[in-house]
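Chemist: I have a structure I would like to understand better, so I am pasting it below and will then ask my questions one at a time.
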């Protein structure tokens, strides 16, 4: 059975017309069994992070406003898709919002005042509702349109450890659960009519049943987990761009599409922050030789970008990657002694403790500097820990530009007389940390 795995991101289901378009894409593949992974709608994840912030800060007025904003956004989409107010989807989505409201009310009384408070745990319990809202609405709309769909809660299939906000998949358990569930739905489609198994991206659950998340933008990775577990031939990510571009077209209007990429190059681009692909997505696909296609949901017949095993192929044009809201941290010993191997070991142990990923690093005799994403929860704690043993300086609000396959003169227009705080150059990659 040739199963296809499709992942639809938040931009593809951000409004009613987007969801109608998704149904149209699925109709083009009506003869194929499909696993469909759907993200939260639009910027719902960001909106739920606002809910979480006010929940933790104990600001009930702002909390209610943020909650109602999320609810109204989804209700507007519902009303545009379903004219019958008695449709079961209204009851389903209302029940999910009531569950979230109940969780917030229950925790609000003690939030932030207990010694075992775990921000990452609370994050996963609240922010995960974005995918639950989205999948419920899309599922019922597809049924309404006559498509043969079965709904599957991904938390019953993807099992993880308890590393909340960046959970690690238990591959053996997860693979067995997926293989026992999904093919059974799709193999009997002549009898049941089921041709699409719809589930959520980004989330899973641990062995205790608590909801976990797989890291920001983790829906791509979810699709890769299904593709690997089912050993499909190819997987498709549907995006709001024609394919993988050599720059974000919102940043550089002259960006062009890359028709083909090797697994290795795709991993490098994802690692450096190319937003079109989640960093963890590629490896399970490469391990099984699964082709990854990145296509535009607004031009489903377009060629998109194909990512596959191309050992000898490399890019002949620069690729530009921009990461904003960066923090540059510089550490030096208090007595100006050398930063030695034991210091580096300690520094990286501290980074691992707070699960902070280093985007760029630079080492001199008496100092060590790192550029990291600004995380308002992690970075203050990290800096506090560093200050115990090191003289610590930091700059916020910076921009990191990475240029793969850079050429002479490539960076000049990007620098544009701005101050460079760090520069790192290798054979293929140039990285600049800019004010």
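Chemist: Can you tell me the order of 303-310, 83-90 when each peptide is scored by its average per-residue count of other Cβ atoms within 10 angstrom, highest first? Walk me through the numbers on the way to the answer.
Modeler: On the way: 303-310: 19.4, 83-90: 11.6.
Answer by packing, highest mean first, reads 303-310, 83-90.
Chemist: If you don't mind, another one. Quick check: the angle from helix 60-81's long axis to the longest principal axis of the chain, C-alpha only, nearest 10 degrees?
Modeler: The helix 60-81 is inclined about 40 degrees to the chain.
Chemist: Shifting gears a bit: Only Cα pairs under 8 Å and at least 6 apart count here; give the relative contact order of the chain as a rounded whole percent. Mind showing how you got there, number by number?
Modeler: On the way: 799 pairs, mean separation 58.1, N = 435.
It comes to 13 percent, rounded to a whole number.
Chemist: Now for a separate question. When DSSP beta bridges are limited to those with both residues in the chain, what percentage is antiparallel, rounded to the nearest 5?
Modeler: 60
Chemist: Calculate, for residue 316 and residue 275, the FRET efficiency according to 1/(1 + (r/R0)^6) with r their C-beta to C-beta distance and R0 25 Å; round to the nearest 0.05.
Modeler: After rounding, the FRET efficiency stands at 0.65.
Chemist: Per residue, how big is the convex hull around the C-alpha atoms of the chain? Give it to me in cubic angstrom, could you?
Modeler: Taking only Cα atoms, the chain has a hull volume of 165 Å³ per residue.
Chemist: At a Förster distance of 25 Å, what's the computed FRET efficiency of residue 348 paired with residue 435, Cβ-Cβ distance as r, to 0.05?
Modeler: 0.40
Chemist: For the ranges 36-49, 65-78, 381-394, what's the packing order if you count other beta-carbon atoms within 10 Å of each residue, average per peptide, and put the highest first? Walk me through the numbers on the way to the answer.
Modeler: Working: 36-49: 22.9, 65-78: 17.2, 381-394: 15.1.
Taking the mean over residues of other Cβ atoms within 10 Å, the ranking is 36-49, 65-78, 381-394.
Chemist: So what's the back-of-envelope 222 nm ellipticity for the chain, counting only DSSP H runs of four-plus at -39500 (n - 2.57) apiece and dividing by all residues, rounded to 500?
Modeler: Here the helix-only value at 222 nm equals -12500 deg cm²/dmol.
Chemist: By how many degrees, 0 to 90 and rounded to 10, does the Cα axis of helix 263-272 deviate from the longest principal axis of the chain?
Modeler: 60
Chemist: Determine the distance separating the Cα centre of segment 1-29 from the Cα centre of segment 407-425; give it in Å without decimals.
Modeler: 40
Chemist: For the chain, set up a GNM with springs between Cα atoms under 10 Å and report which of 350, 34, 25 has the largest fluctuation.
Modeler: 350
Chemist: Using the per-residue mean of other Cβ atoms lying within 10 Å as a proxy for protection, in what order, highest first, do the peptides 324-333, 273-282 fall?
Modeler: Working: 324-333: 18.9, 273-282: 22.1.
Answer by packing, highest mean first, reads 273-282, 324-333.
Chemist: Please report how far the C-alpha centroid of segment 153-185 lies from that of segment 294-342, rounded to the nearest whole angstrom.
Modeler: With segment 153-185 and segment 294-342 each reduced to a Cα centre, they are spaced 28 Å.
Chemist: Continuing with the same structure: Between the helical axis of 44-57 and the dominant principal axis of the chain, each derived from Cα atoms, what acute angle in degrees is found, rounded to the nearest 10?
Modeler: 70
Chemist: Mean 1/r over all different Cα pairs, inverted: what Kirkwood radius does segment 319-434 give, in Å?
Modeler: Taking every pair of different Cα atoms in segment 319-434, averaging 1/r and inverting gives 15.0 Å.
Chemist: Specify the residue with the greatest mean-square fluctuation among 415, 291, 256, computed from a Gaussian network of the chain linking alpha-carbon atoms under 10 Å apart.
Modeler: Top of the fluctuation ranking is 415.
Chemist: Report relative contact order for segment 4-232 in percent, whole number only (criteria: Cα-Cα under 8 Å, sequence separation at least 6).
Modeler: 25
Chemist: Here is a follow-up. Length gain on complete extension for the stretch residue 105 to residue 362, per 0.36 nm per residue less the alpha carbon to alpha carbon distance?
Modeler: Contour length minus Cα-Cα distance gives 87.9 nm.
Chemist: Place a point 7 Å from Cα of residue 231 in the direction of its Cβ. Which residues in segment 22-42 have their backbone N less than 19 Å from it?
Modeler: Output list for this probe position: 33-35.
Chemist: Still on this model: Looking only at 293, 264, 418, which one moves most when the chain is put into a Gaussian network model with springs between Cα atoms under 10 Å?
Modeler: 418
Chemist: Please list, by residue number, everything in segment 47-71 whose backbone N is under 12 Å from a paramagnetic label point 7 Å out along Cα→Cβ of residue 162.
Modeler: Backbone N within reach: none found.
Every read-out reported here was derived from the displayed coordinates using simple, explicitly stated rules and does not represent laboratory data. No experiment lies behind these values; they were computed from the predicted model shown. Ideal geometry is used to build each Cβ from the backbone, glycine not excepted, and the neighbour counts take in all protein chains shown.
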